[in-house]
Amino acid sequence: MRRFAEKRFGSLKALSDQLRMKPQSLNSYVNGRSAPGGAILQRLNELGCDINWLLRGEEAFGEMAPTLKSPSGAESFSTTVADSAGSDSAGADDAPEFRVRGFIPAGDGDVNLWDDYYRGHRLDYDPDTHFFLVVDEEFGYSMTPMIQPGDMALVSLLEEPRDGDLVAAKWDETKGALKLLSEQANDTENVVLTSYNQAVPPIFLKRRDVALYKVVLIEKRKRSAPFRYR
């Protein structure tokens, strides 16, 4: 962040003015005491900062997407954003459109489906601000049965995670996990990461020690094919 500030605006003070924040607050990000949230990342993106480069820390701008490792420290899924989301940066007009066939309740209710009903939905996620993570095959069972090993999570670099969201979390540089985010409205210093599998205990962390990325889509693994890392 210091390099971006000096290259684009000449100083950290000038960048803090552009971000409309106190220099002391910006220093907490520069010194690694806290991780920037979605709102700050969005503003930095608008100012011309390559978010992939900023979070990854590569020597060249825009080289790689961020990497998260499994809780065991096993080899993590890492790829370029372009490779993970398709080689073409498809815009909204070029994104594939899928037919919406009706409505289904989340509780006990009637399913409304109509053969002559047509509504389309485009999957138009920006490959510059989203990347995929593969759920670890050996250590991916804490989120079953909803999410299985080999499923792929599409992660947003810019959207701010909220209480109850599915998130990709990274802490201590070597630890990370796909979890449900739990926050208390009156507690801004702590977060709790929980699992679908109730047998797995929750993880309690200081917010300043964890980077949280919202999961916006889960692509289910095709169970008929053997799972391999790409």
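The values are calculated or read from the model by the stated rules, or taken from the named source; none is laboratory data. Here the structure is a predicted model, which means the values were calculated and not measured. When we count neighbours, we look across all protein chains shown, and the Cβ atoms used for this are built from the backbone with ideal geometry, even at glycine.
Results for (1) among the polar types (S, T, N, Q); (2) buried (at least 21 other Cβ atoms within 10 Å of the Cβ); (3) under 14 Å from VAL215 (Cβ atoms), shown as yes or no for each residue.
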| site | (1), (2), (3) |
| --- | --- |
| MET152 | no, no, yes |
| LEU157 | no, yes, yes |
| ASP163 | no, no, no |
| THR188 | yes, no, no |
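Filtering region 201-225 to residues that are aliphatic (A, V, I, L, M) and either outside any loop (DSSP other than H, G, I, E, B) or under 22 Å from the mean Cα position of the chain (by Cα) (or both) leaves ILE203, LEU205, VAL210, ALA211, LEU212, VAL215, VAL216, LEU217, ILE218. Would a scan of region 165-177 turn up a residue that is under 12 Å from the mean Cα position of the chain (by Cα), touching a residue at least 24 places away in the same chain (Cβ under 8 Å), part of a loop (DSSP other than H, G, I, E, B) and not assigned by TED's automatic domain parsing to the domain that holds PHE98? So far as region 165-177 goes, yes, one or more of its residues are under 12 Å from the mean Cα position of the chain (by Cα), touching a residue at least 24 places away in the same chain (Cβ under 8 Å), part of a loop (DSSP other than H, G, I, E, B) and not assigned by TED's automatic domain parsing to the domain that holds PHE98.
Just one of the numbered conditions (1) of a type outside the set (Ser, Thr, Tyr); (2) modelled with pLDDT under 90; (3) assigned to a strand (DSSP E or B) is not true of ASN197: (3).
The residues listed here are VAL155, VAL135, VAL210; of these, the one that is in contact with a Lys or Arg (Cβ under 9 Å, 6 or more places away or on another chain) and over 21 Å from ILE40 (Cβ atoms) is VAL135.
Taking region 1-53 as the range and being surrounded by fewer than 16 Cβ atoms within 10 Å (Cβ to Cβ) and either of a type in the set (Lys, Arg) or at positive phi (or both) as the test, the residues that pass are ARG2, ARG3, LYS7, ARG8, GLY10, LYS13, ARG20, LYS22, GLY32, ARG33, GLY48.
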